[in-house]
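Please read the structure below before turning to the comments.
The values are calculated or read from the model by the stated rules, or taken from the named source; none is laboratory data. Model, not experiment: these values are computed from the prediction. Methodologically, a virtual Cβ is constructed for each residue, glycine included, from the backbone with ideal geometry; neighbour enumeration extends over all protein chains shown.
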Amino acid sequence: MIQHSIKEGLTTTYKRETTVSDSVTSSETMALDFLLSTPAVLSMIIEASSRMLDPLVPAEYITVGKNIELSHEHPTIIGSTVSLVLKVINVEKNTIVVTIEGHDDEGIFCRGKHERAIVSRAKLLEIAYKRSPNSL
């Protein structure tokens, strides 16, 4: 079993101002290009989770996403500051489950769960290269 310092109840808050790069930008949805996109929220969740968990595992390990559930409940205008509150609710062997609650200037705009696994960096790369033999 991997020795780590991740415990249930561990909490962090990730806060940042949204920018144009966080907006909805597909050709079909240009009328919504002033709103925070769901892919941008997912990216923030992944970044916040990694920042919270990765320093707590041995240097030769990393946490990677296994599953994510997100309910993007309300629109957020680009330029708003958003805060994501992440809380570890379950730790079993090398699997961690984190809840997410996203807040903007008007209140809660999203909720979700993110499951991450602690894996060996070297083993992860080895498996990736085996799956893609033409990449070298």
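Answer yes if at least one residue in region 31-53 is surrounded by fewer than 21 Cβ atoms within 10 Å (Cβ to Cβ), more than 18 Å from Thr13 (Cα to Cα) and touching a residue at least 60 places away in the same chain (Cβ under 8 Å), and no otherwise. No, that holds for no residue. If you go through region 16-28 and keep only what is closer than 23 Å to Ile108 by Cβ, surrounded by 12 or more Cβ atoms within 10 Å (Cβ to Cβ) and either within 16 Å of the chain's Cα centre (by Cα) or among the β-branched types (Val, Ile, Thr) (or both), you end up with Arg16, Thr18, Asp22, Val24. When Gly65 is tested against (1) in contact with an Asp or Glu (Cβ under 8 Å, 6 or more places away or on another chain); (2) farther than 21 Å from Lys7 by Cβ; (3) surrounded by fewer than 16 Cβ atoms within 10 Å (Cβ to Cβ), only condition (2) is not met.
Residues that are surrounded by 12 or more Cβ atoms within 10 Å (Cβ to Cβ), farther than 27 Å from Thr38 by Cβ and not charged (D, E, K, R) within region 112-126 comprise just one, Ser120. Filtering region 87-111 to residues that are at positive phi and surrounded by 17 or more Cβ atoms within 10 Å (Cβ to Cβ) leaves nothing. Beta carbons closer than 9 Å, at least 6 apart along the sequence or on distinct chains, never pair a first residue in region 1-17 that is more than 13 Å from Ile100 (Cβ to Cβ) and touching a residue at least 12 places away in the same chain (Cβ under 8 Å) with a second that is among the acidic types (Asp, Glu) and loosely packed, with under 15 Cβ neighbours inside 10 Å.
Determine if region 44-52 includes at least one residue that is at pLDDT 95 or above, assigned to a helix (DSSP H, G or I), closer than 28 Å to Ile118 by Cα and polar (S, T, N, Q). Looking through region 44-52, at least one residue is at pLDDT 95 or above, assigned to a helix (DSSP H, G or I), closer than 28 Å to Ile118 by Cα and polar (S, T, N, Q). Of all residues in region 87-136, those satisfying the criterion of being of a type in the set (D, E, K, R), closer than 16 Å to Leu10 by Cα and free of Cβ contacts under 8 Å to residues at least 24 places away in the same chain are Glu92, Glu101.
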